[in-house]
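Quick notes on the structure that follows.
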Amino acid sequence: MVRSMTGFGRGVTSTEQFQLTVEIRSVNHRFLEVTTRFPKEWMEAEVHTKKMLSSFVSRGKLDVSVYVKELSQQEQVLQVNWPLVNAYKEAREELQKQILLDEKWSMTELLGLEQVLTVEVQETSKEEILTAVDQAVRQAAAAMIQMREREGQELQEAVVGFKTDLAEQIALIRQVADQAVQKYRDKLVTRIAELADISMLEERLLAEVAIFAEKADIDEELDRLTSHFSQLDETLQDDVSIGRKLDFLLQEIHREINTIGSKNQSVEASAAVVQAKTILEKMREQVQNIE
């Protein structure tokens, strides 16, 4: 199935602590490039996402954005730093030897000691994060691929239409291919007749026409174009990434048309070559969007 490289998808999943939204935007690119925006502490999930997306698509620049919305306050636990409390106690006892102090500490005094109390937040487990990210990314990727497939169908129809137009121009060139040789012979006969008796130069005339006919022969180029068109039809039916192969085929078609244009200088063929190049350029614009 033909796929475009342009698409968008969104996936949403929730846990008890947060709602996770993943958005994937895809545009044209020669290769596969995945750019992600994850919370810095979610590195494992980020690596997993890139690996997963590389198994879904072959080409395109993918921009992955992650949005996290907290649904409930995370549990917080106060911890007493007992080693530090004991250190303060020992220091107070040393001071007490030199300075008269109250024997007991008040609660306010204890709580005022720096770093005696620490707050620990119960973090979401890596497994829970990875599961949520996996679900949201799969949803987003499925939606993006569905859009790429819809646009791919439109691209395929456009390419097939242009290929039909191109084949018509090539058929026209094939029809008028022999006219160039005949026109060259007629022109040569006219020029020779102006200078000498044509019957005396018939052998020379035949030789000149034969040389020109060999130079202007485009049968091989036309046969190769027929083969390229068949490969184009077959490639459009493949289930794998076909963008690069299509681009290569169009380069080969362009090369053959250029050769035809340089060999056959008839007015009809030249006009058809120009039209064929115009159609081919439109085809290449569409193929640039195919995965």
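The values are calculated or read from the model by the stated rules, or taken from the named source; none is laboratory data. Quick caveat: nothing in here was measured; it's all calculated off a predicted structure. The protein model used for the area step is the full one, side chains on, heavy atoms only, and it has no ligands, DNA or RNA in it. Shrake-Rupley method; radii C 1.70, N 1.55, O 1.52, S 1.80 Å.
Listing for the model above:
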read-out: Exposure ranking of Ile257, Ile145 by accessible area [1.4 Å probe, largest first]; value: Ile145, Ile257
read-out: Whole-Hz couplings from phi, Karplus 6.51/-1.76/1.60, listed for the range 25-37; x for Gly and Pro; value: 10, 10, 9, 5, 7, 5, 10, 9, 9, 10, 10, 10, 10
read-out: Computed accessible area, Arg138, all protein chains, 1.4 angstrom probe, square angstrom; value: 120 Å²
read-out: Accessible surface of His29 - all protein chains present, 1.4 Å probe, nearest 10 Å²; value: 60 Å²
read-out: Exposure ranking of Ile24, Ile129 by accessible area [1.4 Å probe, largest first]; value: Ile129, Ile24
read-out: Cut-off under 5 Å, modelled amide H: who pairs with Thr36 long-range; value: Val64
read-out: Using θ = phi - 60° and Karplus 6.51 cos²θ - 1.76 cosθ + 1.60, couplings along the range 223-228 (whole Hz; Gly, Pro as x); value: 5, 5, 5, 4, 5, 4
read-out: Difference of contour (0.36 nm per residue) and Cα-Cα distance, Asp247 to Gln288; value: 14.0 nm
read-out: For the range 263-291 and the range 216-233, distance of Cα centres in Å; value: 14 Å
read-out: Pairs beyond 24 Å (Cα-Cα), from Lys61/Lys163; Lys51/Lys282; Lys245/Lys277; Lys61/Lys245; value: Lys61/Lys163; Lys51/Lys282
